[in-house]
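What follows is a set of notes on a single structure, which appears directly below.
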Amino acid sequence: MSSAVSFDDHVAIVTGAGGGLGRGYAKLLAARGARVVVNDLRNATAVVEEISSLGGKAVADEHDISTEEGARGVVRTAVEAFGALDAVVNNAGVFPACPFLEMTWEIFDLMQRVHTYGPYFTTRYAWPHLVESGHGRVVMVSAKATLWGETRHLTHYGAAKGAVLGMTRQLAMEGAEHGICVNAVLPSALTSVEHPRARELARRVGADPADREQVVERSTALAAAVVAWLCHPDCAANGEFIRAQVGEVRQVSFSMTHGINDPGLTVEAVRDGFDAILDPTGAAVLAPLWRNQAPL
Ligand SMILES: NC(=O)c1ccc[n+]([C@@H]2O[C@H](COP(=O)([O-])OP(=O)(O)OC[C@H]3O[C@@H](n4cnc5c(N)ncnc54)[C@H](O)[C@@H]3O)[C@@H](O)[C@H]2O)c1
C-alpha cells in the first residue's frame, strides 16, 4: 500500500477559509498535519474551533486580503503563530453577478481586488518565506467562467479569474529557481455559489440535495484532495491548470490551431480561411514553455 500524504511540519495559509471550499481545504490540510492559518472576513474562528476539536492546529485571521495591508497581515499571522510558511491557497472570493450594462466601475473593481489583487498581494508578501521554505507551494484559484463559462453576467469575474491564470504561468517560471511551484485549480463544488447543475452534482457526491450541509461537506472535500496535493512538496507540477469537479480531475490547457500560413495575407484570405483558422483538428496544446513542448 502506498504511504499516506502528510503535511507534518508544514504551515499553510488558506484565504477565504471561513466557509465553502476554503474551509474544506483548511480542514484537510490540518487533518494531514499542517498548521493552518484560516483567513476570512467572517467565521474564521468557528473553523479554527472545528479544526482544533478534531485535533488539528490552526489560527484564525480576519484580514481583508483584497488590500495590501490585509494581505501583509495574513502572512504576518502565519509567521508570528507558526514561525514559517510553506504554502498559500489563494481561495477567497466574492460573486456579485451583474449584467454588463449595469456593471459599475465599483462592481468591476471589487472583483479585481478580491480575485486578482488579493492573490497578488498575498503571494507577494508570502514569497520570501516560500523561498526560505525551499519547497514553497502556491495554489491560485481560477474558474471555468474564464474559459467556458455556463453562467451569465460574470464578465468582471471571468476577467479577474483570467488574470489569475496568466499570473500562475508567469510566477511558475520565477518560482522554479527557488523550488516554488505555482499552479491553478478550477474547482466546482456546491457552496454559497449558485450552481446550474446543483441537484445532479449533489447526487454525484452521494448527498441529499436538500441537505445543504452534507452537500457542501462532501463536494468541497473532493476539491480539497486536489488542492492539498498541489500544496505538497512531492508534487512537482508547476504552471498547471487543474480542473477539480466533484471527483473529476483534469488538466485544462489553452490550445493553438494549425490555422493558415500565408506570407501574402489579405483580408480576403483571412475571410476565406476563417474556418481553417478555427478548425481544432491537430491543434497544439500550449504547455508551459519551459517544458519545451510549445509549438512556437
Ligand atoms: N464553488 C464553485 O463551484 C466554484 C467554482 C469556480 C471557482 N470557485 C472559486 O473558489 C473560491 C471559493 O469559492 P466558494 O464557492 O467556496 O465561495 P464562498 O463564498 O463559499 O467562500 C468564499 C469565502 O471568501 C471570503 N472572502 C471574500 N472576500 C474576502 C476578503 N477580501 N478577504 C478574506 N476573505 C474573503 C468570504 O467571506 C467567503 O467565506 C473562490 O475563489 C471562487 O471564485 C468556486
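The values are calculated or read from the model by the stated rules, or taken from the named source; none is laboratory data. Only a predicted model underlies this, so the values are computations on that prediction, with no experimental measurement involved. Quick reminder, even Gly has a Cβ in these numbers, built from the backbone with ideal geometry, and neighbours come from all protein chains shown. Side chains included, ligands, DNA and RNA excluded: accessible areas come from the protein's heavy atoms. Shrake-Rupley method; radii C 1.70, N 1.55, O 1.52, S 1.80 Å.
Per residue, the chain reaches -13000 deg cm²/dmol at 222 nm when only DSSP H runs of four or more residues are counted, each adding -39500 (n - 2.57).
Taking Cα atoms only, the orientation of helix 20-31 departs from the longest principal axis of the chain by about 50 degrees. Label positions at Leu265 and Lys57, each projected 7 Å from the Cα along the C-beta direction, are separated by 5.7 nm. With a Förster radius of 30 Å applied to the C-beta separation of Ala283 and Gln112, the computed FRET efficiency comes to 0.45. Cys181 contributes an accessible area of around 10 Å² to the protein surface, as traced by a 1.4 Å probe with all chains present. For the options Ala276, Ala176, Ala224, a Gaussian network treatment of the chain with springs between C-alpha atoms closer than 10 Å singles out Ala276 as fluctuating the most. Between the alpha-carbon centres of the range 121-148 and the range 168-237 there is a gap of 14 Å.
Rounded to the nearest 10 degrees, the angle from helix 212-231 to the longest Cα principal axis of the chain is 80 degrees. For the range 163-217, the list of GluC sites (Glu not before Pro) that fall in a loop by DSSP and count at most 11 other C-beta atoms within 10 angstrom reads Glu177, Glu194.
Model label points for Cys235 and Thr67, set 7 angstrom from Cα along the Cα-to-Cβ axis, are 3.1 nm apart. Restricting the trypsin sites (Lys or Arg not before Pro) of the range 8-65 to loop positions (DSSP other than H, G, I, E, B) with no more than 13 neighbouring Cβ atoms within 10 Å leaves Arg42. Rolling a 1.4 Å probe over the protein chains gives Trp148 an accessible area of about 110 Å². Amide H to amide H distances under 5 Å link Val89 with Ile13, Val14, Thr15, Val139, where only residues 5 or more positions off or on other chains count and H is placed in the peptide plane. Give me the angle, in degrees from 0 to 90, between the Cα long axis of helix 155-176 and the longest principal axis of the Cα atoms of the chain, rounded to the nearest 10. With rounding to tens, the tilt is 80 degrees.
The simple Förster model, with R0 at 45 Å and r as the Cβ-Cβ distance, assigns Ala84 and Asp275 a FRET efficiency of 0.20. For the range 9-112, the alpha-carbon coordinates run over 49, 24, 19 Å along the three principal axes, in decreasing order.
Computed with every protein chain present, the accessible area of Val59 is close to 40 Å² [probe 1.4 Å]. Protein heavy-atom surface of the chain, 1.4 angstrom probe: 54% of the accessible area is carbon and sulfur, with nucleic acids and ligands not counted. A simple spin-label model places pseudo-atoms 7 Å from Cα toward Cβ; at Glu177 and Arg76 they are separated by 3.0 nm.
Across q = 0.12, 0.15 Å⁻¹, the chain modelled as identical point scatterers on its alpha-carbon atoms has Debye log10 I(q)/I(0) values of -0.79, -1.17, in the order of the q list. Of Ile13, Ile277, the residue with the largest accessible area leads and the full order is Ile277, Ile13 (1.4 Å probe). When the chain is treated as a Gaussian network with alpha carbon springs shorter than 10 Å, the biggest mean-square fluctuation among Gly16, Gly33, Gly55 belongs to Gly55. Of Leu147, Leu28, Leu171, which has the largest mean-square fluctuation in a 10 Å C-alpha GNM of the chain? Judging by the Gaussian network model, the answer is Leu147. Per residue, the Cα convex hull of the range 22-77 amounts to 61 Å³.
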